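Presented below is the structure to which this report refers.
Just so it is clear, none of the values below were taken in a lab; they were calculated from the coordinates. Just so we're clear, the structure is a prediction, and the values are computed from it rather than from any experiment. Neighbour counts are summed over all protein chains in view; Cβ atoms, including those assigned to glycine, are modelled from backbone coordinates with ideal geometry.
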Amino acid sequence: MSRPRAAAAVLAVLAVLSVAGCGSDGSTGPSSTATEVRGELNDHTDSTYQGLALTPPRPRPQFTLTDTAGREFRFGAETAGKPTLLFFGYTTCPDVCPTTLADIANGLRQVPEEVRKQTQVVFVTTDVKRDTAAVIKSYLAKFDPGLPNRFIGLRGTQSEIDAAQVAAHVTLAEDEGRTHSSQVLLYGTDDYARVAFLQSNNEAAQVAHDLPLVADIK
Amino acid sequence: MDAVKRLPLPLVAAVLLIVAGLAGLVRGAIPQAAGTDAAAPAVPRGPIVVSGAYVREPANGINAAAYFTIYNTTGVADVLTTVQSGAGAQASLHVESSGAMRNSAGLSIPAQGSAALSPGKGHVMIEKLYGPLKPGQSVNFQLTFAKAGQLLLTAPVIAVTAPAPIAVAP
């Protein structure tokens, strides 16, 4: 297998493994070993990072959405050069989304103050219909108290949200946004994501370990 | 008594149900004498032992997820078939399958084994909440097993970013 093809195959596998778990389609499906494989992949695949190492690294995407104040938010330009955690989810998700955002918040609380001050957290809703600006704003306020930078909530039209997911190379959400990627992408000061995080009971510690590695520490 | 007599029975029943739901089940103040297996709700002794139970305070105020680990101390596999919750009108078992959370007809617990509901793997989703769930409250659940029958479980509500309790094997 040629190198590009091998890389594409790896990406395809990762994409399948990282589709998450908040969706509920009301049906019963066959059991899967995806959870076990995902659990193994999430730890120490690269000795540098405790999260899931991304090979090749993914450049910080360029997409434009709307923040909870109704302003245009150009992700690439406004977060450039800053350690940034990017997560796609929706507010009525009972399980993976709130746990992931709590893990991000708890990980941030464990890193040095200078790292915490640089870091931006961006939540993009995949539920275009239900997640209004007010809903997203009050939702994120449950997670970021005490942190120097408020979590940024973004929304848009279905095509804008789809474009953002494509730009970030995450699996497109389905079922009105309820089955969505559970990857948290971490972009560094060099504007590349070399590591991502998946839901696990160790996620906060992984964020706390890896975030300083991609931040600007004097 | 006269006042009660004049009220239509369905209304009385409905009011009693609402009172039971709000005052009893949500607050965790269900009369212990009412349940047969309710001597130690957190870790009931018996063939099935549940540990590490918690409900995370819902950040959305709309639905909540409960997590716990079930230990089967018997030599025969069992299945958790249904869950009822005192915190909302609807409770359903969701288990991760093929990359998405799906309604599950039952959670199998192998003989002398365990099954965990944890973020990303599965949860009891509570919908149509009767009221806000805040840390310090507790939620009662009635779990029904195919073999072991019914079990009453009390789970504390923990803060949005609080660490989850750790399950302890019996």
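Listing for the model above:
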{"quantity": "In Hz, Karplus ³J(HN,Hα) per residue of segment B:81-87 (6.51, -1.76, 1.60; θ = phi - 60°; x = Gly, Pro)", "calculated": "9, 9, 10, 10, 10, x, 8"}
{"quantity": "Inter-label distance for A:Leu147 and A:Ser47, nm, one decimal - labels placed 7 Å from Cα along Cα-to-Cβ", "calculated": "3.1"}
{"quantity": "Proximal charge balance of B:Val157 [Cβ under 9 Å; K/R count +1, D/E count -1]", "calculated": "+1"}
{"quantity": "Inter-chain shielding of A:135-141 (mean C-beta neighbours from other protein chains, 10 Å cut-off)", "calculated": "2"}
{"quantity": "Partners for A:Lys142 among lysines (Cα-Cα distance below 25 Å; same-chain residues under 8 apart left out)", "calculated": "A:Lys82, A:Lys117, A:Lys129, B:Lys121, B:Lys128, B:Lys134"}
{"quantity": "Trypsin sites (Lys or Arg not before Pro) within segment A:49-147: DSSP coil, no more than 16 neighbouring Cβ in 10 Å", "calculated": "A:Arg71, A:Lys129, A:Arg130"}
{"quantity": "Efficiency of FRET from Cβ geometry, B:Val168 and A:Asn202, R₀ 22 Å, rounded to 0.05", "calculated": "0.70"}
{"quantity": "Estimated vicinal HN-Hα couplings, Hz - segment A:124-136 in sequence order (Karplus 6.51, -1.76, 1.60; Gly, Pro = x)", "calculated": "10, 6, 9, 9, 5, 6, 8, 7, 7, 4, 5, 5, 5"}
{"quantity": "Residues in segment A:50-86 reached by a label modelled at A:Ser159 [backbone nitrogen below 17 Å; 7 Å Cα→Cβ]", "calculated": "A:63-66"}
{"quantity": "Under Karplus coefficients 6.51, -1.76 and 1.60, residue-wise ³J(HN,Hα) of segment A:69-86 in Hz, glycine/proline x", "calculated": "8, x, 8, 5, 10, 8, 3, x, 6, 7, 9, 3, x, 10, x, 9, 9, 10"}
{"quantity": "Residue mean of other protein chain beta carbons inside 10 Å, B:159-170", "calculated": "3"}
{"quantity": "Inter-chain shielding of A:61-73 (mean C-beta neighbours from other protein chains, 10 Å cut-off)", "calculated": "0"}
{"quantity": "Footprinting exposure proxy for B:Asp78, A:Asp144 (fewest neighbouring C-beta atoms within 10 Å first)", "calculated": "A:Asp144, B:Asp78"}
